[in-house]
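Here the structure is laid out as structure tokens; the discussion comes afterwards.
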Amino acid sequence: MELRHLSGFVAVAEELHFGRAAERLHIAQSPLSQQIRLLERDLGVRLFDRTTRSVRLTSAGRALLEPARHLLAEASAVRRTVLAAHLGEVGRVTLGFAGASSYSALPVLTRAVTSELPGIELVLEGQTYTGEALGRIADGSLDIGFVALPVRRGISARVVRVERLLLALPDSHPLAQRTEVAIAELAREPLVTFPQARGSAVREAMVQACHEAGFAPRIAQEAPDSYNLLALVGAGVGLAVVVSSARNIQLEHVVFRPLAGDDVPVLPIALGWRTGDSSAALAAVLRVAEQVLPTPAEFEGTAEG
């Protein structure tokens, strides 16, 4: 029993038409019919009931279909693994992430790497804020990370998302009745934010925006991640300046309002890695990332590092 015979069988079983199955496999119909006859001879059963007008699976054919699909998928995985080893696409790549801005991009990237690069183990390290990630990429303890621009010397970056800052607040707060809120209106409000010591780009952008509005923010409490931050908002501990992706986190009693003005800060979110890193595994992950996480149009043709 040959894999190409199983491949022909699956094509005919799914199309229920020898002509369409042959077109799908890019072969002539006669060789395909020969493959099916050889497979039926090897198994000692008839797999299809054929007439001049129709093709139907027999009970034996129906029993074979799922195992055949499984065997073909396994064979494909073996081929990809061997090819990956030949190309040097094997090994371990550590990826740091933190915050809502990476929550939507991360599953897309991890699924693609798992599918396309079976020889690579992608190790995820959460709650790795921009400042922390840049330091770890520089010292080699992290291979790649989601970071906010700008990056430091010796690190290359490609923008994969652009985030706009907005306000999260309890639904009972008077400002929740507004369609938008100016930064200056937060001068007397308690704020919750991410840890200063971890190098949060969102916190830095918020503090800078407050200073430009003429006041220093009143930090009531810090939270380690977006979920805890919004839980504190919902509990009435304080308001929070967050990125637009935080809207995807739905918690009771928490609402979001745009910040007023044309100069509301935006955060370009990028994948960052060590400039000149010769790792073939890292290069392979970056190649897949470029396919599934394209650079926003306004940042095409730009890079840092």
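When the residues of the stretch 150-161 are filtered to those that are open to solvent by 20 Å² or more (accessible area, probe 1.4 Å) and out of contact with any Ser or Thr (no Cβ under 9 Å at 6 or more places or on another chain), the one that is farthest from Pro296 (Cα to Cα) is Arg152. Of everything in the stretch 207-227 that is among the polar types (S, T, N, Q) and either in a loop (DSSP other than H, G, I, E, B) or within 23 Å of Ile249 (Cβ to Cβ) (or both), the residue that is farthest from the chain's Cα centre (by Cα) is Gln221. When restricted to residues that are open to solvent by 10 Å² or more (accessible area, probe 1.4 Å) and among the hydrophobic types (A, V, I, L, M, F, W, C), the stretch 106-145 contains 9. For the stretch 187-206, which positions are among the hydrophobic types (A, V, I, L, M, F, W, C), more than 29 Å from the chain's Cα centre (by Cα) and either at pLDDT below 95 or in a loop (DSSP other than H, G, I, E, B) (or both)? Passing the criteria: only Ala187.
Each row is one residue, and each column tells you yes or no for (1) touching a residue at least 40 places away in the same chain (Cβ under 8 Å); (2) surrounded by fewer than 21 Cβ atoms within 10 Å (Cβ to Cβ); (3) hydrophobic (A, V, I, L, M, F, W, C); (4) within 28 Å of Leu106 (Cα to Cα).
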site: Glu163; (1), (2), (3), (4): yes, no, no, yes
site: Ser172; (1), (2), (3), (4): yes, yes, no, no
site: Arg178; (1), (2), (3), (4): yes, yes, no, no
site: Leu186; (1), (2), (3), (4): yes, no, yes, no
site: Gln196; (1), (2), (3), (4): no, yes, no, yes
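Checked against the criterion of being in contact with a Phe, Trp or Tyr (Cβ under 7 Å, 6 or more places away or on another chain) and open to solvent by 70 Å² or more (accessible area, probe 1.4 Å), the candidates Glu204, Glu222 yield just one match: Glu222.
Among the residues of the stretch 228-258, which ones are touching a strand residue (DSSP E or B) at 6+ places or on another chain (Cβ under 8 Å), over 21 Å from Gln196 (Cβ atoms) and not in a loop (DSSP other than H, G, I, E, B)? Selection gives Gly234, Ser244, Ser245, Arg247, Val254, Val255, Phe256, Arg257, Pro258. Can we say Leu232 is touching a residue at least 60 places away in the same chain (Cβ under 8 Å) and aliphatic (A, V, I, L, M)? No: the conditions fail for Leu232.
The values are calculated or read from the model by the stated rules, or taken from the named source; none is laboratory data. Please read all numbers here as calculations on a predicted model, not as lab measurements. Neighbour counts are summed over all protein chains in view; Cβ atoms, including those assigned to glycine, are modelled from backbone coordinates with ideal geometry. For accessibility, only protein heavy atoms count, side chains too; no ligands or nucleic acids. Shrake-Rupley method; radii C 1.70, N 1.55, O 1.52, S 1.80 Å.
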